[in-house]
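Participant: Let me begin by handing over the structure; questions about it come next.
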Amino acid sequence: MKVTETILEGCFVLEPKSFKDNRGVFYESYQKERFEELLGTKVNFVQDNVSVSKKGVVRGLHYQKGKYAQAKLVQVLKGSVLDVVVDLRKESNTFGKHFKMEISSENRKAIFIPKGCAHGFLALTEDVIFSYKCDHYYHPEAEAGILFKDPNLNIDWELPEVEMILSEKDLELPLWKELEL
């Protein structure tokens, strides 16, 4: 597995070694010991989540606050997304910056998102199946987010807003300057 640190401290792109033949493809998407050795950190994933989205759906930017903050390992099982991570860690050298890239079932890349970062994605294809491994259980009282089109973040989602599909909840998320971090 190839591991590359992104522009955000502690946020990594993982590229598994794939084996392809006339039957299809095989790859190891996660192996705890190898994962921890490559990233140089211990992570205990306790919850797996899957979302299914159609083209144009934006989910995010979401995070869990305080003691319920979650590190995540995200990957696409079907389709393609533009994945976005925003660093909310005040002590980080990359505080306030964002990283984005396309991940898909074709490129098989995954992203490790450290605690203290907001996350979201835009479904680029129909029938996206998106998988999240989380190192902390979901707690509704700790749920938080940032408006996807916050001008302070200046994220280019690479799709006109009129073509995006968002939940009412995500459209009402606060701006960066309103956050209590």
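Derivation of every value follows stated rules applied to the coordinates shown; laboratory data play no part. The model shown is predicted, which means the values in this text are computed figures rather than measured ones. Neighbour counts are summed over all protein chains in view; Cβ atoms, including those assigned to glycine, are modelled from backbone coordinates with ideal geometry.
Participant: Starting from 0.36 nm per residue, how many nanometres of slack lie between residue 154 and residue 181 once their C-alpha separation is accounted for?
Facilitator: Result: 7.8 nm gained on full extension.
Participant: Report the full-extension gain for the segment residue 91 to residue 29: residue separation times 0.36 nm, less the Cα-Cα distance, to one decimal in nm.
Facilitator: 19.2 nm
Participant: Something else about it: Can you give the longest stretch of the chain with no exposed loop site, where a site means GluC sites (Glu not before Pro) in a DSSP loop (not H, G, I, E or B) with at most 10 other C-beta atoms within 10 Å?
Facilitator: It works out to 1-90.
Participant: Here is a further query. Sequence gap at least 6, Cα distance under 8 Å: using those rules, report the relative contact order of the chain to the nearest whole percent.
Facilitator: So the answer I get is 29 percent.
Participant: Let me ask something additional. Magnitude of the Cβ-charge dipole of the chain, K/R +1 and D/E -1, about the Cα centre, nearest 20 debye?
Facilitator: Computed about the Cα centre, the dipole is about 480 debye.
Participant: Given charges of +1 on the Cβ of Lys and Arg and -1 on the Cβ of Asp and Glu, with all other atoms neutral, how large is the dipole of the stretch 94-137 about its Cα centre, in debye to the nearest 20?
Facilitator: The calculated dipole for the stretch 94-137 is roughly 300 debye.
Participant: Mean-square fluctuation check for the chain, GNM, Cα pairs under 10 Å: which of 24, 66, 116 is largest?
Facilitator: Among 24, 66, 116, the largest mean-square fluctuation in the Gaussian network model of the chain belongs to 24.
Participant: Normalising by the residue count of the stretch 121-181, find the relative contact order in percent from Cα pairs under 8 Å and 6+ residues apart.
Facilitator: 41
Participant: Same structure again: Among 8, 71, 38, whose Cα lies farthest out toward the positive end of the dipole of the stretch 2-178, if unit charges sit on the beta carbon of Lys, Arg (+1) and Asp, Glu (-1)?
Facilitator: Result: 38, furthest along the dipole toward the positive end.
Participant: Further question: Taking a 23 Å limit on the Cα-Cα distance, which of the listed pairs 65/109; 2/149; 54/169 fall beyond it?
Facilitator: Distance filter (> 23 Å) returns 65/109; 2/149.
Participant: If you put +1 on each Lys and Arg Cβ and -1 on each Asp and Glu Cβ, how big is the dipole of the stretch 1-56 around its Cα centre, in Debye rounded to 20?
Facilitator: 360
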